[in-house]
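Shown below is the structure under consideration.
The values are calculated or read from the model by the stated rules, or taken from the named source; none is laboratory data. What you see is a predicted model, and the numbers here were worked out from it, not measured in a lab. When we count neighbours, we look across all protein chains shown, and the Cβ atoms used for this are built from the backbone with ideal geometry, even at glycine.
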Amino acid sequence: MTADSSADRLRAELKEVESDLANLRDTAADIRSGVGEADDPADRGSLIQAADEQDSLAEQLAARRDDLLRRIAEA
């Protein structure tokens with residue numbers, strides 16, 4: 001595999017990761033916006049937990065994005 005095709009593959013993966021990251025952050029924000037509307041404390045807790053899970057996934061994707069950016073710079 002040439003350096004150009006490797007860099008192209010990394011850029012394509014980066015684009016996908018950035019899209020997924022934006023979607024996860026939007027989803028977490030949407031979930032958090034519904035917390036105040038939930039009347040039942042258990043429902044609020046579930047919404048907060050779901051948003052926290054989305055945030056955790058977003059953190060993992062952000063780390064993956066940073067790794068891809070580093071690898072692209074090296075390529």
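How many of the residues making up the stretch 47-70 are in contact with a Lys or Arg (Cβ under 8 Å, 6 or more places away or on another chain) and surrounded by fewer than 13 Cβ atoms within 10 Å (Cβ to Cβ)?
The total comes to 0.
Restricting to the stretch 35-46, name every residue that is loosely packed, with under 15 Cβ neighbours inside 10 Å and either among the β-branched types (Val, Ile, Thr) or part of a helix (DSSP H, G or I) (or both).
Of the residues in the stretch 35-46, the ones loosely packed, with under 15 Cβ neighbours inside 10 Å are 36-43, 45-46.
Matches in the stretch 35-46: PRO41, ALA42, ASP43, GLY45, SER46.
A further question on this structure: Assess whether LEU68 counts as being within 9 Å of the chain's Cα centre (by Cα), modelled with pLDDT of 95 or more and part of a helix (DSSP H, G or I). First the steps, then the outcome.
Details: within 9 Å of the chain's Cα centre (by Cα): no; modelled with pLDDT of 95 or more: yes; part of a helix (DSSP H, G or I): yes.
Against the criterion (within 9 Å of the chain's Cα centre (by Cα), modelled with pLDDT of 95 or more and part of a helix (DSSP H, G or I)), LEU68 does not qualify.
Might you check whether a residue that is in a helix (DSSP H, G or I) and either touching a strand residue (DSSP E or B) at 6+ places or on another chain (Cβ under 7 Å) or over 24 Å from ALA73 (Cα atoms) (or both) occurs anywhere in the stretch 5-24?
Checked against the condition, which is being in a helix (DSSP H, G or I) and either touching a strand residue (DSSP E or B) at 6+ places or on another chain (Cβ under 7 Å) or over 24 Å from ALA73 (Cα atoms) (or both), the stretch 5-24 yields at least one hit.
Hey, another quick one. For the stretch 1-28, name all the residues that are surrounded by fewer than 16 Cβ atoms within 10 Å (Cβ to Cβ), hydrophobic (A, V, I, L, M, F, W, C) and at pLDDT 95 or above.
Matches in the stretch 1-28: ALA12, ALA22.
Still on this structure, please answer the following. Quick one: in the stretch 21-46, which of the residues that are among the aliphatic types (A, V, I, L, M) and within 18 Å of the chain's Cα centre (by Cα) is farthest from SER6 (Cα to Cα)? Step through it out loud before you land on a result.
The initial filter retains those residues of the stretch 21-46 that are among the aliphatic types (A, V, I, L, M), namely 21-22, 24, 28-29, 31, 35, 38, 42.
Adding the requirement that they be within 18 Å of the chain's Cα centre (by Cα) leaves 21-22, 24, 28-29, 31.
Numbers: LEU21: 22, ALA22: 24, LEU24: 27, ALA28: 33, ALA29: 34, ILE31: 37 Å.
Ranking the candidates gives ILE31 first.
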